[in-house]
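In what follows, a single structure is set out as structure tokens and then discussed.
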Amino acid sequence: MITLYTFGPYFGLPDGSPFVTKAMILLKMAGLAYREDRGGYAKAPKGKLPYIDDEGVRVADTTFIRRHIETKYGFDFDDGLTPEQKATAWALERMCEDHLYWAVLDARWLDETNFAKGPAHFFDAVPAPIRGLVARMIQRKMRKTLEAQGLGRHCQAEIESLGRADIEALAVLLGDKPYFFGETPKGGDATLGAFMLGLLTPVFVTPLRATAENHGNLVAYAARIKARFFPEG
């Protein structure tokens, strides 16, 4: 059986990371059984989660996890899509993973109220005397990472405006379709669905969540993703 290395359910989500949630959806979409292991971070091949172990073969990064599933199991996540639709899916995924993600990270990690309600709990298992110190150290690391990536060099209003622009684009492109490319979810929906679930969790109060909530089609889309892939809760 495939082992998927995860962080675990946080914030009322299948996993605290949209990338782990994406991997879960990909595996479920392909009909592959898997088990979760929440103790694999220290051994992560690329220093991040998720990654999978499939009969001794370790694959890190959700893009390569998808390719592994396609190659080994012959599952076509884009079955029926035109070349233009496939290109659109790739562009939307990159927008979410390489742009919107950083605005979400800023809202969760650098807003003190959201940090206390959310990421601070990642450190609950750290011994109490040093818990606060470790949490603040990682928070500072996240701030530096955002600055290095580029988004963190903008002021708060600018960061929020860029994130909102991504969400507005997603709402327009989804339109009145059940999923981004029609009646059934495709590979791109694993990414887009994971991000919508994360954006709409009520744990965090952010302008990004408010923007997503203003679009009924995005709210309904997230509900469909949850009902289809995570009906248990």
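Remark: pairs (first residue in the range 48-65, over 23 Å from Leu92 (Cβ atoms); second residue of a type in the set (S, T, N, Q) and at pLDDT 95 or above; Cβ separation under 7 Å; 6+ apart in sequence or on different chains) = Ile52/Thr3; Asp53/Thr3.
A single member of Gly163, Gly216, Gly187, Gly182 is assigned by TED's automatic domain parsing to the domain that holds Thr88 and touching a Ser or Thr at 6+ places or on another chain (Cβ under 9 Å), and it is Gly163. Residue count for the range 2-54 satisfying the condition of being at positive phi and either modelled with pLDDT under 95 or in contact with a Cys (Cβ under 7 Å, 6 or more places away or on another chain) (or both): 4. Checked against the criteria, Tyr5 does not count as buried (at least 20 other Cβ atoms within 10 Å of the Cβ), touching a residue at least 40 places away in the same chain (Cβ under 8 Å) and more than 19 Å from Phe229 (Cβ to Cβ). Given the condition closer than 30 Å to Leu81 by Cα, in contact with a Pro (Cβ under 8 Å, 6 or more places away or on another chain) and outside any helix (DSSP H, G or I), answer yes or no: does some residue in the range 164-181 qualify? Looking through the range 164-181, at least one residue is closer than 30 Å to Leu81 by Cα, in contact with a Pro (Cβ under 8 Å, 6 or more places away or on another chain) and outside any helix (DSSP H, G or I).
Among the residues of the range 90-138, not one is without any contact (Cβ under 8 Å) to a residue 40 or more places away in the chain, under 25 Å from Lys186 (Cβ atoms) and either crowded, with 18+ Cβ neighbours inside 10 Å or outside the structural domain of Met196 (by TED's automatic domain parsing) (or both). Within the range 139-163, the set of residues being among the small types (Gly, Ala, Ser), in a helix (DSSP H, G or I) and surrounded by fewer than 12 Cβ atoms within 10 Å (Cβ to Cβ) comprises Ala148, Ala157. Would you call Phe19 crowded, with 20+ Cβ neighbours inside 10 Å, under 24 Å from Ala223 (Cα atoms) and not assigned by TED's automatic domain parsing to the domain that holds Leu200? Judged against the criteria, Phe19 is a match.
Just give me the residues in the range 25-83 being part of a helix (DSSP H, G or I), among the polar types (S, T, N, Q) and either touching a Ser or Thr at 6+ places or on another chain (Cβ under 9 Å) or farther than 23 Å from Leu197 by Cα (or both), in sequence order.
Thr62, Thr71, listed by residue number.
The values are calculated or read from the model by the stated rules, or taken from the named source; none is laboratory data. These numbers come from a predicted model, not from an experiment. Heads up, the Cβs are rebuilt from the backbone with ideal geometry, glycines too, and the neighbour counts pull from every protein chain shown.
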